[in-house]
Amino acid sequence: LEGVPMKQRTARFRAVLALCRPDAPPTYFEGTLEGWIGWEPKGHGGFGYDPVFYLRDDRGRFLDRALAELSRDEKNAISHRGQALRRLRAALERWLAD
């Protein structure tokens, strides 16, 4: 990505979980985390792309903070996997309550 301007370095983590029940078609639960590919790795946490995956705020503004710089609790609160899992859990709780 050398020479690629910041506005063209956008990135997204996406997770999709499926709930398959014998009495219904599969239901899918998605989570996304928007960001951008940073200029250099930062932080010591996480794995994979976390050191170069920089965050964007709710308004789409580029932040100078990599996913690898977050604590485990901070990352779990915003992660794409956490979003999808929380949506799946809510659906399971509704299904079990019926």
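Observations on the model:
- Remark: region 36-46, residue by residue, has Karplus-estimated 3J(HN,Hα) of 8, 7, x, 6, 8, x, 9, x, 10, x, x Hz, where x stands for each Gly or Pro and the curve is 6.51 cos²θ - 1.76 cosθ + 1.60 at θ = phi - 60°.
- Accessible area in square angstrom per residue, the chain, 1.4 angstrom probe: 72 Å²
- As a rough guide to protection, the peptides 23-34, 74-85 ranked by mean Cβ packing within 10 Å, highest first, stand as 74-85, 23-34.
- Among (1) 13, 25, 32, 20, 8, 2; (2) 15, 40, 25, 15, 5, 0; (3) 18, 52, 27, 3, the entry derived from the coordinates for P(r) over Cα pairs in 10 Å bins from 0, in percent: (2)
- Applying 1/(1 + (r/R0)^6) with R0 = 22 Å to the Cβ-Cβ distance of residue 18 and residue 94 gives a FRET efficiency near 0.85.
The values are calculated or read from the model by the stated rules, or taken from the named source; none is laboratory data. Because the structure is a prediction, the values reported are computed rather than measured. Glycine also receives a Cβ, built like all others from the backbone with ideal geometry; neighbour counts cover every protein chain displayed. Calculation scope for accessible area: heavy atoms of the full protein, side chains included, ligands and nucleic acids excluded. Shrake-Rupley method; radii C 1.70, N 1.55, O 1.52, S 1.80 Å.
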